[in-house]
Every structure is written in structure tokens, then in C-alpha cells.
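Just below is one structure, and these are the notes that go with it.
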Amino acid sequence: MTAFLQQLLNGLSLGSIYALVALGYTMVYGVLRLINFAHGDVYMLGAFAGYYASKLLHGRLNGGLPEAAVILVVSMIACALVGMLIERLAYRPVRRASRLTLLIVAIGVSLLIENLAQIFFGADPKFFPQILPERMFEWRGVLFTNQQILVLATAVLLMAALTLFIRRTRTGKAMRAVAHNPDAARLMGINVNSIISLTFALGSALAAAGGILVSLNQPSIDPLMGLMTGIKAFVAAVLGGIGSIPGAVLGGLILGLAETFVAGYGSSTYRDAIAFFILIIILLCKPEGLLGKGQVEKV
Amino acid sequence: MKKILLVLAVLGGMGLLQWALTAFLLDGPVRQGPYYYQILMLAGINVILAVSLNLTNGITGQFSIGHAGFFAIGAYVAASVSVYAGPTLQGSLAGLPSFAADSVLLLVASAAGVAAAAAAGWLVGMPSLRLRGDYLAIVTLGFGEIIRVLILNIDAVGGARGFTGIPRYSNFFWVGLGVVAAISTVRHIVRSSHGRALLSIREDEIAAQAMGVAVTRHKVTAFVIGAAFAGLAGSLFGHFTMYLHTNSFTFVKSFEIIIMIALGGLGSLAGAALGAVVLTVLPELFRGFAEYRMVIYALALILIMIYRPQGLLGKGRFLGRGKDK
């Protein structure tokens, strides 16, 4: 039982990171019907932004929670700008072209970021500074660290803020309108360009948060770290129903739990294969995802 | 009769070419001859890869980014057949002259590699091709990486050390035949009713379905044929380099093939072949910039898609821009 609870906690902590990254996929897919391949790389940039920010800040804030918060905010802002830049420079010129063109451009952007990162940051892994010294707690035999709690708390907070923003504000409403039908939204006087820009900013900021939270737990970061996480987060978004925000969170949590349990009870070699397996099953049985609405393609 | 003559002419031509290449480059007077020969071989293998991926990505309008995975399966399966079953087969072929025995062994190994790659193509294509194109992209990307990780963990094929001791059976004769086979197969498909179905799927999937085209079946068939040729390319590659390592089969390789066909023009056969040759030769000329190669590829891909989505040789008949021919 303790082992089970332990895995459950680890799985939730991993899953909430997938959920944060999956939100960006699902939001961008909602407004542009595009799989933003570069999203995993924005997550990587988030981790590196945090790495360089903490180097700059070193000694000025004496570690602990305030420093972690500052780094988180800095990296989220930096990645929001990067996300907007990607959208403006690469996706907007081809938005009216076919979806295949858009997809190829997205792959190109992903490749560009990965390789520029390898040149600028160096290809070998870097060690993310230990901002929060790890502390262990025990509750009825279940071990958990302060970092896991921080990851869970931050993730829940950010997701709650996002949900409130989308459901309660005028801008959030505009975003939902664009996702529903961009042309009709434009006719209603919504500035579609700036809403799409904002969607990229929000999604990228969440990915950056995911990158920072992961680096607090597993301090080794490298320019290709976004690749696998990006694919897995996308699987999470598809699992929950792409385009659906609660779906992305649910999908992320399920994927995190599935991976942890497979690694815990089975073999860790197949840990990376489980996401792929889930993707195949979901595409065969329920391609619209758990919480997605089945859509009939119309002419 | 005409066809038999054509096949004989191709075989004779390739044989003659191989003889000339051996005389001039391998044993002959040209300095660095073996190096040029190697570039020629790799160019040929890349042409097979690009032309076969073009069947899915260019002609059917789907998007696969895991071609390196099928390339890897073909290479490793064919090489395993040669290494583990080769000695037994060699015994039973003892009566034949050595080049004939080598050819038989290469054909057997390649057949196994092609079959394995085609089977993998069916497994991957079946669930993902029922849906819209973007799912195929992510499934194939994941598939390519997982195949690589699996191979890395199989000790019988060397794992992380790499697979050594593969006999060198392939030469330009076989690669040339492979190129001819790939190009003529794709050409025939494009001109058949199957090809017209594929083009109709590319132009408008819903309309194609409404006209009674069995969309999924056609897509899967095209995808499996493409995977099979990637397997052939893998077999020829392994039996040429005599050493395989999973580093040759990363997603970077898949992207390289995509850039080859995007550069030449998605859907254009000549474009795919030209793109493959150009992207094999150019990096050799600019070895000093190796570090920036992928950056340049990525930038080129984005700029081509924004400013000339039909590629260099495309005729503006891709992606619904203008009519087919």
C-alpha cells in the first residue's frame, strides 16, 4: 500500500508537468488547428532561461522560495515572448496556406530552435542549480520531497489561474470564440491576430513553468530535453481530447501515472514506450480523446 | 518483349557502370576515388529514401516524419540475416562463383529487410492513417525514436556498441537498380488508378471519399510501399558501410529526407531525386560548416515553405494551388 501511494505521488508530480506542457499544445491546436512542434523546445528554452537567470541572480537572492519564484516568472515571461515571436515570424505568414505547409513550418521551427540551442548553450547537459535544497518528509511511510509539493502546488495554481482566465474574462471569452470559429469571431470585432498571439504567449509561459519545475527535480538540462517531453505532452493532449483544456490536464495526469507505474512495477526500459502505446490505443479506440467532442469534418 | 529488353538494358547499363566505377574510382587512377565512390553510393541510397517518402508525403499529402525508423529496421534486419544466417546459406551456395553467391545473399537479406520494414509500416500506418495527417506525423516521430531505443537495447545487433562484421555485398550495381526500381515503381503508381486515388486524397480527402475512393486503404498501401523501399535502402546501406549504429537513424535522418523532398518539391519525382543528390553532395563540400548544417536545413525548410511551398522543381500544383498538370 505504501509503495502504491508512493508511486501515486511520484506519478502525479510527473503528470502535472506533462499537463502544463500539454495545455500549450491543446490551446494552440484550439485556435490554429496546428500541432505546434516547437512547443517542446519552448519548454527546453524555459529550463535554460531559468538556468541563466539563476546564474545572474546568484548571490543577490539567497536561495529558497523567493529566488525560485523570481526565476519562474522571468523564464515564463521570456518564453511567452519567444512563443509570440515564433507565431509572428513563422506561423502567421503561412496561416492561410494548407495545414501541411503549417505543419512543415512547425517542424522547421522546432529543428531551428534545437540546433541553435546546441550551438549557443552547448550540446552537453548542464546542471540546474539547486535553488531549493531537497528536504524529505514522511507520512505513514510515504516519502515526499518539498520539491514534489512545490511542483504540484505550482501546477495546480497555474492551471486554476488559466481556467479562471479563460472562463471569466472578456479576453478569455474572445479566445474561446476564436477557437470555435475564427471567421465569425473576426466579424464580431475580435482582433484574431492578437488573440492568437496571446494564446502562444500563455501556452509558452506554461511550458516554461513546466521546464523550471522539472529542472528543480531533475537538475540535468540539455538542448534536446524538449523532444521526448514534447511528444509525451502531445500524447497527453490527444488522450484527454485535443482542444479541450480539462482534457489536457486529465491526459497529463494519466500519462504521468501510467509511466510511473510501468517504471515502478514493470521495467524502466519501456518507460518511454508507454506513451506511444497509449497513443496507438487511443487513436484506434477513441480518436477524439477522453473529454474531446467528436467533430465531423465539414466541407 | 519491350519490357524484357528494357530490364536487360538497365541491368547491362548498371553492370557496365559498376565495372567503370571499379576501374576508375576503386582500383583506378583517380585520387580519392573510394571517397567519391562512397558519396555516389550514399547519394543513391538517399534517392531511394527520398523517392519512397515522397509517395506518402508528396503524392498522398500525408505527413510521415519517421522514415529513418523504417530505414533502420531494413538495415538491421537485413544485416542480422547476413551475419547470423549468412554462413549457413554460404555453405549451400558453395558451388557458385563468389559474386553470384554474394548477390544471392544480398537479395535474401534485402528481402527480409524489406518485408520487416513493410510489416512495421503497416503496424504504424493502420491506426494513424485512419485519422487526419497530423496524427501520422506525431505517431511516426514517436515510432522512429522508439525503434532506435529498442535497437539500442538488443545485444545481438550490438546495442550501443554498434553492429559490426556485416559483409560488404552491396555495390553501385545494386544501389543503381534500387534507384531505378524505386523511381519506376513510384512513377507507375502515380500513373495508375491507385495513383489518381492518392492524388485525389491529397487534393481533398472529403471529396475523394465522397467519390468512392477507399481513402484509408489507399493511404496505407502507399505508406507500406514507401516503408518497404526505406527497408531496401537500409539493407543496401548496411551491406555497404559494414557497420551500423543507431546514431545514423535518429530523427535528424528523417528530417534530412523531408528536407530533400521539400527542397525538390513535394510530389515531384525528379525534385525528390535531385534534392537527395544535392543534400548528399553539399555537406561534403562544406565540411567546415558541419556545426551549422542543421540550422541551415531548418531555416531553408521554413523559408521554402513560406516563399515557395511547391519546392524548386514543383510546378505549383501542390496543396491545391493550381490544377494537377
(message) Kirkwood hydrodynamic radius, chain A, all distinct C-alpha pairs: what's the number in Å?
(response) 19.6 Å
(message) With the alpha-carbon atoms as the only input, what is the per residue convex hull volume for region B:230-281 in Å³?
(response) 88 Å³
(request) Within region A:220-234, find all residues whose amide N lies under 18 Å from a label point positioned 7 Å from the Cα of A:F277 along Cα-to-beta-carbon. (result) A:232-233
(request) With a ≥ b ≥ c taken as the square roots of the eigenvalues of the C-alpha gyration tensor of region B:184-325, please select rounded if a/c is under 1.5 and otherwise prolate if a/b is larger than b/c or oblate if it is not? (result) oblate
(request) Please work out the Cα center distance from region B:213-246 to region B:1-71, rounded to the nearest Å. (result) 15 Å
(request) Go through A:K232/A:K293; B:K2/B:K219; A:K232/B:K253; A:K286/B:K219; A:K232/B:K219; A:K232/A:K286 and tell me which ones have a Cα-Cα distance over 23 Å in this structure. (result) B:K2/B:K219; A:K232/B:K219
(message) From the C-alpha coordinates alone, can you work out the Kirkwood hydrodynamic radius of region B:20-165, in Å?
(response) 17.6 Å
(request) Scan chain B and hand back the longest stretch that contains none of the chymotrypsin sites (Phe, Trp or Tyr not before Pro) lying in DSSP loops with at most 15 other Cβ atoms within 10 Å. (result) B:1-242
(request) Give a residue-ordered list of calculated ³J(HN,Hα) values for region B:161-169 (Karplus: 6.51 cos²θ - 1.76 cosθ + 1.60, θ = phi - 60°; whole Hz; x for Gly, Pro). (result) 6, x, 9, 10, x, 7, x, 8, 9
(request) Work out the charge dipole of chain B with +1 on the Cβ of Lys and Arg and -1 on the Cβ of Asp and Glu about the Cα centre, then indicate which of B:L123, B:G271, B:G231 is farthest towards its positive end. (result) B:G271
(message) Please compute, for peptide A:93-102, the average count of beta-carbon atoms on other protein chains lying within 10 Å of each residue's beta-carbon.
(response) 5
(message) If you average 1/r across every pair of different Cα atoms in region A:165-228 and take the reciprocal, what Kirkwood value do you get, in Å?
(response) 13.7 Å
(message) Would region B:1-77 count as rounded, prolate or oblate if I go by the C-alpha gyration tensor, calling it rounded below 1.5 in a/c and otherwise prolate when a/b exceeds b/c, oblate otherwise?
(response) oblate
(request) Could you run the Karplus curve 6.51 cos²θ - 1.76 cosθ + 1.60 with θ = phi - 60° over region B:21-32 and give me ³J(HN,Hα) per residue in whole Hz, x for Gly and Pro? (result) 4, 4, 5, 8, 8, 7, 9, x, x, 6, 5, 6
(message) Please compute one quarter of the surface area of the Cα convex hull for chain B and express it in square nanometres.
(response) 18.2 nm²
(message) If the only charges are +1 at each Lys and Arg Cβ and -1 at each Asp and Glu Cβ, what is the size of the charge dipole of the protein assembly as shown around the Cα centre, to the nearest 20 debye?
(response) 1880 debye
(message) Skipping prolines and chain starts, which residues have an amide H placed within reach, meaning under 5 Å, of the one on A:K126, given they are 5 or more residues away or on another chain?
(response) A:I221, A:D222
(request) Please give every one of the aspartates and glutamates within straight-line cross-link reach of A:K55, meaning a C-alpha to C-alpha distance under 13 Å, and leave out same-chain neighbours fewer than 8 residues apart. (result) A:E67
(request) Give a quick list of trypsin sites (Lys or Arg not before Pro) in region B:1-77 that DSSP marks as loop, anything other than H, G, I, E or B, with at most 11 other Cβ atoms within 10 Å. (result) B:R31
(request) Consider all pairwise Cα distances in the protein assembly as shown and report the whole-number % of them above 45 Å. (result) 21 percent
(request) Tell me which residues come under 5 Å, amide H to amide H, from A:L290 once H is placed; ignore anything under 5 positions away on its chain. (result) A:G240, A:G241
(request) Give me the angle, in degrees from 0 to 90, between the Cα long axis of helix B:33-54 and the longest principal axis of the Cα atoms of chain B, rounded to the nearest 10. (result) 30 degrees
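Taken together, the values in this text are just the output of simple stated rules run on the coordinates, not laboratory data. Owing to the predicted nature of the structure, the values given are computational and were not obtained by experimental measurement. Note that we place each Cβ from the backbone using ideal geometry, even for glycine, and neighbour counts take in every protein chain shown.
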